[in-house]
């Protein structure tokens, strides 16, 4: 039996987080050590265990963090230390990724090796640029060629083998040689008017491309100031780049937003409490084509609270949640701290502030009895006044920062007990001058709570012209600090904010 650990070569894909394979994601979540490259989405590292050892070995053209032979040795040494080592490589490990060299080196030293294929940029980046690598009547096949060369030397390609007009040509790692490639193909007999394109940062929301011919592609690339990583493609299929350009036609493609966030938590019986970075709004912005600049302004965590009222529940008593955090914290206290189960809530009714909170409650197997039409604390209070008697006991599971309107409306005439079950603590963070400059150039700043608006403004961050707010309390903080032009979502929800941005 091999006493050493296992090394898995995982293809990270071309840049889009969602193009990481399920098998690759599973191995990342289990890895004791991750040795990773430059050209991958850093969010992938967030899929790893918090105690996983992270080692960067990225390479740029003529600037290598670690030479390949040293990377091979590193993988071998880490396999002797750890049970599972993931070698995370951009694209596919075996498409000009030197994965074969690493695998053979490890095999020769009796290390167990597995390869998880990745989506290659040679296909995916073209697809997201509207260019199918093959197409009936236009391309009967394709060739993928590396255009990489030693420093300051011309690319070593035999262009006489690349003259078939019915074959799509894809050149990887060749941005610096685009002129040489175009000239070489023309001299080998290709028509100077042959379609050609260059795609930079393919499959990401800062993807850029130029479309031209072999005759003018070098000038177009220079004028567009394209940067690596980039792919050069030559062939008839380039003519479809506009008609099939679905990726770049997403509603927010090319836009950038500043989105301060509260780092939250999740809770489930299977996994317990886990940290959650980002939110549904950020995810939706990314999927709609936008770049997102984000900082964590606070951290929400569950705290132990008094659930003694569950021992004296009367039929019809009401539990109220004004956020999904309240729901998760309540059940964390019930299941993990009190060691009880759902039998403890028999006889209770439940009210929630909106559809998102309703969905979180539903995830614990409980349906909400009362949901206001408008997602605000005031609307929830008014809905409760219309449906409850003054003798109903109301138990409000909330955070240390909560809806003042809700308490003001119900607190005087009803038996309202406020139970703080989670806290929102300010996060220590700094925003560099470089990030501040990027924020100012954004298409807008999005604020999803009064607390993160307060945090950012007191940092003295200069904001872009367009400011978007989730609701009245958030807008109030912004205006209090002199932000006059605030556009507020029609409904106080992520859905409302998103609709505002795509109008």
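The values are calculated or read from the model by the stated rules, or taken from the named source; none is laboratory data. What you see is a predicted model, and the numbers here were worked out from it, not measured in a lab. Here Cβ is always computed from backbone atoms with ideal geometry, including for glycine, and neighbour counts include all displayed protein chains.
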| request: Confirm whether residue 84 is closer than 21 Å to residue 117 by Cα, under 26 Å from the mean Cα position of the chain (by Cα) and surrounded by fewer than 23 Cβ atoms within 10 Å (Cβ to Cβ). | output: yes
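Is it the case that residue 73 is farther than 29 Å from residue 175 by Cβ, out of contact with any helix residue (DSSP H, G or I) (no Cβ under 9 Å at 6 or more places or on another chain) and part of a helix (DSSP H, G or I)? If you could, list the steps in order and put the result at the bottom.
Details: farther than 29 Å from residue 175 by Cβ: yes; out of contact with any helix residue (DSSP H, G or I) (no Cβ under 9 Å at 6 or more places or on another chain): no; part of a helix (DSSP H, G or I): yes.
Taking the combined requirement at face value, the residue does not satisfy it.
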| task | Write out, first by first residue and then by second, each pair whose Cβ atoms fall under 8 Å of each other, whose residues are 6+ apart or on separate chains, and whose first residue, in region 40-66, is under 20 Å from residue 14 (Cα atoms) while the second is at pLDDT below 85 and loosely packed, with under 13 Cβ neighbours inside 10 Å. | result | 46/277
| remark: Scanning region 214-229 residue by residue, those outside any loop (DSSP other than H, G, I, E, B) and buried (at least 18 other Cβ atoms within 10 Å of the Cβ) turn out to be 217, 218, 220, 221
| request: Please find, among 298, 324, 272, the residue that is over 30 Å from residue 248 (Cα atoms) and exposed (fewer than 15 other Cβ atoms within 10 Å of the Cβ). | output: 272
| field | Residue within region 402-416 that is surrounded by fewer than 19 Cβ atoms within 10 Å (Cβ to Cβ) and within 30 Å of residue 206 (Cβ to Cβ) present | value | no
| said: The conditions are (1) buried (at least 21 other Cβ atoms within 10 Å of the Cβ); (2) assigned to a strand (DSSP E or B); (3) assigned by TED's automatic domain parsing to the domain that holds residue 161; (4) in contact with a helix residue (DSSP H, G or I) (Cβ under 7 Å, 6 or more places away or on another chain), and residue 267 fails exactly one of them. Which is it? | reply: (3)
| remark: Filtering region 95-138 for residues that are in a strand (DSSP E or B) and either out of contact with any strand residue (DSSP E or B) (no Cβ under 8 Å at 6 or more places or on another chain) or surrounded by fewer than 22 Cβ atoms within 10 Å (Cβ to Cβ) (or both) leaves a count of 5
| task | Report yes if residue 372 is within 21 Å of residue 263 (Cα to Cα), modelled with pLDDT of 85 or more and either crowded, with 18+ Cβ neighbours inside 10 Å or in contact with a helix residue (DSSP H, G or I) (Cβ under 7 Å, 6 or more places away or on another chain) (or both), otherwise no. | result | no
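Consider residue 57 carefully, then state whether it is surrounded by 19 or more Cβ atoms within 10 Å (Cβ to Cβ), in the same structural domain as residue 87 (by TED's automatic domain parsing) and modelled with pLDDT of 95 or more. Can you show your working first?
Details: surrounded by 19 or more Cβ atoms within 10 Å (Cβ to Cβ): yes; in the same structural domain as residue 87 (by TED's automatic domain parsing): yes; modelled with pLDDT of 95 or more: no.
It is false that residue 57 is surrounded by 19 or more Cβ atoms within 10 Å (Cβ to Cβ), in the same structural domain as residue 87 (by TED's automatic domain parsing) and modelled with pLDDT of 95 or more.
Every residue, every condition in (1) crowded, with 16+ Cβ neighbours inside 10 Å; (2) part of a loop (DSSP other than H, G, I, E, B), yes or no:
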position	(1), (2)
362	no, no
365	no, yes
378	yes, no
381	yes, no
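Here are 189, 179: which of them is part of a helix (DSSP H, G or I) and farther than 30 Å from residue 287 by Cα? Outline the logic, then answer.
Values: 189 fails: part of a helix (DSSP H, G or I).
Result: 179 is the single residue among 189, 179 that is part of a helix (DSSP H, G or I) and farther than 30 Å from residue 287 by Cα.
Have a look at 450, 445 and point out the one that is surrounded by 15 or more Cβ atoms within 10 Å (Cβ to Cβ), within 20 Å of residue 374 (Cβ to Cβ) and in contact (Cβ under 8 Å) with a residue 40 or more places away in the chain. Give the derivation first.
On the way: 445 fails: within 20 Å of residue 374 (Cβ to Cβ).
None of the others qualify; the one that does is 450.
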| said: Which condition from (1) surrounded by fewer than 17 Cβ atoms within 10 Å (Cβ to Cβ); (2) touching a residue at least 24 places away in the same chain (Cβ under 8 Å); (3) more than 21 Å from residue 349 (Cβ to Cβ) is the one that residue 430 breaks? | reply: (2)
